[in-house]
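The values are calculated or read from the model by the stated rules, or taken from the named source; none is laboratory data. No experiment lies behind these values; they were computed from the predicted model shown. Cβ: placed from backbone, ideal geometry, glycine included. Neighbour counts: every protein chain shown. Just the protein is used for accessible areas: all its heavy atoms, side chains included, with ligands, DNA and RNA removed. Shrake-Rupley method; radii C 1.70, N 1.55, O 1.52, S 1.80 Å.
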Amino acid sequence: MSDSKNDLKRRPLKNLPPDRFPVKVSLIWLSIIAAVLVLFYFTPSRTTAPATLKLQQVVELAEQGQVVSGVIRYDLAYGRNGAVLTGKVKGPTLDTETGKTDQFRASGNLTETNLELLQKTKLFEEPPVSNAWSSLIMNLLPILLIIGLLYFLFVRQLRQAGRGAMNFGKSRAKMLSRDRDKITFAEVAGCDEAKEEVSEVVEFLKDPKKFQKMGGKIPKGLLLVGPPGTGKTLLAKAVAGEADVPFFSISGSDFVEMFVGVGASRVRDMFEQGRKNAPCIIFIDEIDAVGRQRGAGLGGGNDEREQTLNSMLVEMDGFDTTEGIIIIAATNRADVLDQALLRPGRFDRQVYVDLPDVVGREQILRVHARKIALAENVDLNVIARGTPGLSGADLANLLNEAALLAARRNKKKVEMIDVDDAREKVQFGRERRRVMDDREKKLTAYHEAGHAIVQAVLDDGTVPVHKVTIIPRGRSLGSTMFIPKKDMLTQEMKRMLGQIAMGMGGRIAEELVMDDISSGAYGDIKHVTKIARHMVCDWGMSALGPIAYGDNQDTVFLGREIGRSHTYSEETARKIDAEITRIINEQYARATEVIRTHRPALDKIAEALLEYETIEGKHVMEILKDGAISSPVIRELPPALPPKADDKNPKKAKDAADELGATPAPSPA
């Protein structure tokens, strides 16, 4: 525990809120306050002019005791001959043009006799005579403060703005320091092939003669391609941690600016920095922001993005290029990149970072589990087998959610139940308990029971039913969850037909039991239609034969599928629609037959859902085989409200909270 505290002290605090009063702003405010105070100090605050008296009158008033206070000032040149007396008398008794006042002023030759009389009264002060320099400084000080403030506010800011305008064409690539938190290849898991290809670059930089003896040249560019969250940027960070050369990092969007020609200028400046620090590595994240195919969209050849791409193409492999700069780029949209960017000599290698398999997922979980306190019953191998299709970022999020759940449940270690709940939250959405009447609950229960029955009967053992619930998750009122037992790399026709039949099971159960249908099958119908269209148009799984009908079209602006080009006749389009309808109708009839045959099991599953709200896949199989649930069902109760704080008896309040937060005991069916 002490080591962790020391580490926290040594590390710089990150993600702190910005200082509300930075140094520059504080200096500006202090200057303004000082200028205002000086102006107030040197500005006379009298509203009535003082009465002008003779020196002898002031002496007489002082002898009579009418003077309250006064000041005697001498002229620098004439001494007592140019004395000036100012002060106050008792009450506003002196006459002036504006009325009565208590202020007086007198000037003239102050004799020694009058000076002695005034000094005897001990009412007059004689401040030291100031020289010409001090008086000049005191008079000019307010003006100098105001001029300095204006210079600081305007002239200095204008100069900085001018320098900023000249820096528009400078590269924003950041050079990573070696003292920073290093990420090594030991922290990258689940992509051994990609790691091997990237580590080859690091090995060349450390020992280039080993490859040069064989006449080989290191690739100029590596393009990391793969789905989001698979670790492309993490691989680049590992290269930065392992390589003993300068490493520059920049995002593709950093080249884009509102001014024309700035992107191309930044590319040139980035490579110029690289040449000065060669050999070095430059990492460009999300390169599709500037590397998209030319000639698409608006602007033509004078487009700012195309100018940036042209500059990058020339710098990577143009007429005047030098070796020693290795480009590593990452994107998840390699299909939209310009072909000139992908040719050998620029990006020689395309390293595909795919979703991890079961072994890779277990390795990724072990890396992320180092920082989490796991209980002994947590088996990472079981978690890896139950999370097919999840990326490395998803697995890291899963363990983080499990740790948050365990902390919320006041546990000291993360248990397997916490990981299972976190997996369901990540994959299927968080539970949202909503108020539903009995008819809606019954409709939802039979809908989910229909899905579960069809999947349990038609499944070949690869995609069993994991859990069935009528607790809303995400945007659905209920869920039937399936977790494949293995990674599915291909789509088989029998499995696709089974998915269509399973998708229709919920609607069929509603129609048979409730004698009505609802909008709850909206998502099922869309999913089923999408599968059937792919089978007919893309996979050749229909009577039309192994022919691809239409091509998916995407747009450079949106970067996603928006339609399908109709490269076939109207007669073929009618045949495609007829085949899609035939496939769905056949599986609809197949699912109807399964549900009619197992109608008692359908009722049992729906009754169990209405009673427990959530049952597991093994309970569905028990109902199909034995007609009843034989294993215990853990009933999930809604979270209780926290007890009110009892200041007089805190132990009693704590015991009440523990009682409400206790885990309910399993109840047998």
*Pairwise label distance in nanometres, T597 with V314, each label 7 Å out on the Cα-Cβ vector*: 7.2 nm
_I'd like the Karplus ³J(HN,Hα) series for region 117-126: coefficients 6.51, -1.76, 1.60, θ = phi - 60°, whole numbers in Hz, and an x wherever there's a Gly or Pro._
5, 5, 5, 5, 5, 6, 10, 9, 9, 10
_Please list R430, R333 from largest to smallest accessible area, probe radius 1.4 Å, with all protein chains kept in place._
R430, R333
*Can you list the chymotrypsin sites (Phe, Trp or Tyr not before Pro) in region 179-259 that are in a DSSP coil and have 15 or fewer other beta carbons within 10 angstrom?*
F259
*Pull out a ≥ b ≥ c, the square roots of the eigenvalues of the alpha-carbon gyration tensor of region 395-478, then state rounded if a/c is under 1.5, prolate if not and a/b is larger than b/c, and oblate in the remaining case.*
oblate
*Count neighbours as other Cβ atoms within 10 Å of each site's Cβ, and list the chymotrypsin sites (Phe, Trp or Tyr not before Pro) in region 61-126 that are DSSP loop with at most 11 such neighbours.*
Y78
*How large is the dipole of region 58-112 about the Cα centre if only Lys and Arg carry +1 and Asp and Glu carry -1, each at its Cβ, rounded to the nearest 20 debye?*
180 debye
*Can you bin region 337-454 into rounded, prolate or oblate? Criterion: square roots of the alpha carbon gyration tensor eigenvalues sorted a ≥ b ≥ c, rounded for a/c under 1.5, prolate for a/b above b/c, oblate for the rest.*
oblate
*Solvent accessible area, Å² - S569, 1.4 Å probe, full protein context*: 60 Å²
*asked:* Suppose accessible area is computed on protein heavy atoms with a 1.4 Å probe; arrange D516, D95 from highest to lowest.
replied: D95, D516
*Surface accessible to a 1.4 Å probe, per residue, for the residues of region 303-445, Å²*: 51 Å²
*For V435, V426, V528, give the ranking by accessible area with the largest first, probe 1.4 Å.*
V435, V426, V528
*Return the long-range amide H neighbours of L224 (sequence gap of 5 or more, or a different chain), with a cut-off of under 5 Å between placed amide H atoms.*
A329, A330, T331, V351
*Could you please report the charge total around P219, scoring K, R as +1 and D, E as -1 over all other residues with beta-carbon less than 14 angstrom from its beta-carbon?*
-2
*At 0.36 nm per residue, minus the direct Cα-Cα distance, what do D460 and E125 gain on full extension? Give it in nm, one decimal, please.*
109.5 nm
*Express in nm, to one decimal, how much length is gained between T93 and W539 on full extension, taking 0.36 nm for each residue of separation and deducting their alpha carbon distance.*
149.4 nm
